[in-house]
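Down below is the structure, laid out as structure tokens.
Each value in this text was obtained by applying a stated rule to the coordinates, not by laboratory testing. All of these numbers come straight from a predicted model, not from anything done at the bench. When we count neighbours, we look across all protein chains shown, and the Cβ atoms used for this are built from the backbone with ideal geometry, even at glycine.
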Amino acid sequence: MAKAKENKPKTQIADNRRARFNYAIEDNLEAGIQLVGTEVKSLREGKANIAEAYVSVEGNEAWLINANIPIYAPASQFNHSPTRPRKLLLKRREINALLGETQRKGRTVVPLKLYFNKEGRAKILIGVGAGKQNYDKRQTQKNRDWQKQKARLMREKG
């Protein structure tokens, strides 16, 4: 008899909180990442930073640029470079769609979340969006402050 798979929840490693503030995200896409062994071990420790990262489509490949996965100390001489470009594993039509969005419509592709899926594979959620103007950012901040104030009032009243 086949052994049933465990339903493990997604384990989040890193989150790019500034991306949704700086960009109006219109579309999300999940991609795999081509990693080496020490990078996976470092990610399992929960150490990564994608706040300064971005996605670049060059030729027929998509690359994650400037994502910081720190070195894994026990690996000593077999370590990786922390900010090396990492290839994103996407299908050809997904890469073509990203390329079309960035070239024709002037959109930006930014990483939103880095996590392990239920099977234990490292995945990254990337978003396609347009940069927000300063007045859009101020409006977002106003809405967020109003929601906090409204929640506080509702707690006090009832």
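The table that follows gives values for the structure above.
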item: 222 nm mean residue ellipticity, helices alone, for the chain (DSSP H n ≥ 4; -39,500 (n - 2.57); rounded to 500); result: -10000 deg cm²/dmol
item: FRET efficiency, Ala97 to Ser76 (Cβ-Cβ, R0 30 Å, nearest 0.05); result: 0.10
item: Residue-span extension gain [Asn66 to Lys41] - 0.36 nm each, minus C-alpha spacing; result: 7.1 nm
item: Whole-angstrom gap from the range 22-82 to the range 95-158, using each part's C-alpha centre; result: 19 Å
item: Per DSSP, loop GluC sites (Glu not before Pro) in the range 1-92 with at most 13 further Cβ within 10 Å; result: Glu6, Glu45, Glu52
item: Nitroxide proxy distance, nm - points 7 Å out along Cα→Cβ at Lys105 and Tyr135; result: 2.3 nm
item: Low-density loop cleavage sites - GluC sites (Glu not before Pro) in the range 79-151, where at most 16 other Cβ are within 10 Å (DSSP); result: Glu119
item: Residue among Lys142, Lys105, Lys87 with the largest mean-square fluctuation in a Gaussian network model of the chain, springs linking Cα atoms under 10 Å; result: Lys142
item: Cα long-axis angle, helix 92-104 against the chain (0 to 90 degrees, to the nearest 10); result: 50 degrees
